Amino acid sequence: MTGQTDAKLEQVCKIIEKYHSDGSKLIPILQEIQEVYRYLPEEVIDFTARKLKVPAAQVYGVATFYSHFALTPKGKYLVKVCNGTACHVKKSIPVLNAIVEKLKLSEGKMTTDDLLFTVETVSCLGACGLAPVLVINEDVHGMMTPTKAVAEIDKILAQEAAK
């Protein structure tokens, strides 16, 4: 194991200890673990099950039931494009298509190879008055056009290149 892997597993242990190894606290435990990894790796799910003394199937069941949890790596920047009724009517799909094209993604591959971006469509972001809307991590961007959406991606790419 690498030092980084050991450090992350140490964080997982601390999270589990924080909840007193209580299997009934599985959802908040998994939420915090996902904050560490940005997804729930298979080996970490198994490790968590052992530490909580619950069946791995129970942990997988929770992780797959709730859409909040991810079993595959997600990018540093999670881009959610709303495709609810208001956003769809105001042309959210061209916004999505522009982002997908800019990041060279495809229907089956919505995370960039460098794990910088993951693009998802969501049913509703609750900001219908700003339609079409996209959220990048926690930042809401309203009245999007394909050009504005690509400009937001370009801004992030420039910030990352400057690091």
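Note on the range 116-159: among residues that are among the acidic types (D, E) and modelled with pLDDT under 95, the one that is farthest from K91 (Cα to Cα) is E138.
So which of V36, V62 ends up being closer than 30 Å to L157 by Cβ, of a type in the set (A, V, I, L, M, F, W, C) and at pLDDT 90 or above? Even if it seems obvious, please write down each step before you answer.
Working: V62 fails: closer than 30 Å to L157 by Cβ.
Being closer than 30 Å to L157 by Cβ, of a type in the set (A, V, I, L, M, F, W, C) and at pLDDT 90 or above holds for just one of V36, V62, which is V36.
Selection of the range 94-116 for residues being in contact with a helix residue (DSSP H, G or I) (Cβ under 9 Å, 6 or more places away or on another chain) and farther than 14 Å from L157 by Cα yields P94, V95, L96, N97, A98, E101, L105, S106, E107, M110.
Number of residues in the range 105-144 that are touching a Lys or Arg at 6+ places or on another chain (Cβ under 8 Å) and over 22 Å from R38 (Cβ atoms): the value is 2.
Does V135 qualify as being touching a Cys at 6+ places or on another chain (Cβ under 9 Å), closer than 30 Å to V59 by Cα and surrounded by fewer than 18 Cβ atoms within 10 Å (Cβ to Cβ)? Taking the combined requirement at face value, the residue does not satisfy it.
Let me confirm something: among E160, E152, which residue is free of Cβ contacts under 8 Å to residues at least 40 places away in the same chain and part of a helix (DSSP H, G or I)? Lay out the reasoning, then the answer.
On the way: E160 fails: free of Cβ contacts under 8 Å to residues at least 40 places away in the same chain.
Answer to the check: E152.
Looking across the range 83-113 at every residue that is polar (S, T, N, Q) and assigned to a loop (DSSP other than H, G, I, E, B), the one that is nearest to the chain's Cα centre (by Cα) is identified as T112.
Report yes if some residue within the range 80-88 is closer than 28 Å to Q31 by Cα, in contact with a strand residue (DSSP E or B) (Cβ under 6 Å, 6 or more places away or on another chain) and of a type in the set (K, R); otherwise report no. So far as the range 80-88 goes, yes, one or more of its residues are closer than 28 Å to Q31 by Cα, in contact with a strand residue (DSSP E or B) (Cβ under 6 Å, 6 or more places away or on another chain) and of a type in the set (K, R).
In the range 37-69, which residues are open to solvent by less than 40 Å² (accessible area, probe 1.4 Å) and either in contact with a Lys or Arg (Cβ under 7 Å, 6 or more places away or on another chain) or not hydrophobic (A, V, I, L, M, F, W, C) (or both)? Answer for the range 37-69, where residues must be open to solvent by less than 40 Å² (accessible area, probe 1.4 Å) and either in contact with a Lys or Arg (Cβ under 7 Å, 6 or more places away or on another chain) or not hydrophobic (A, V, I, L, M, F, W, C) (or both): Y37, P41, T48, G61.
Here I99 passes the criteria (1) in contact (Cβ under 8 Å) with a residue 24 or more places away in the chain; (2) surrounded by fewer than 17 Cβ atoms within 10 Å (Cβ to Cβ) except the one numbered (2).
Residues checked against (1) assigned to a helix (DSSP H, G or I); (2) within 30 Å of P146 (Cα to Cα); (3) within 13 Å of the chain's Cα centre (by Cα):
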| site | (1), (2), (3) |
| --- | --- |
| Q11 | yes, no, no |
| I15 | yes, no, no |
| L40 | no, no, yes |
| V54 | no, no, no |
| A57 | yes, no, no |
| V81 | no, yes, yes |
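Q31 meets the stated requirement of being out of contact with any Pro (no Cβ under 8 Å at 6 or more places or on another chain), surrounded by fewer than 18 Cβ atoms within 10 Å (Cβ to Cβ), within 19 Å of T118 (Cα to Cα) and modelled with pLDDT of 95 or more.
The values are calculated or read from the model by the stated rules, or taken from the named source; none is laboratory data. Worth saying up front: this structure is predicted, and the values here are computed from it rather than measured. Reconstructed Cβ throughout: ideal geometry from the backbone, glycine too, with neighbour counts over all protein chains shown. When the accessible area is computed, the model is the full protein with side chains, heavy atoms only, and any ligands, DNA or RNA have been set aside. Shrake-Rupley method; radii C 1.70, N 1.55, O 1.52, S 1.80 Å.
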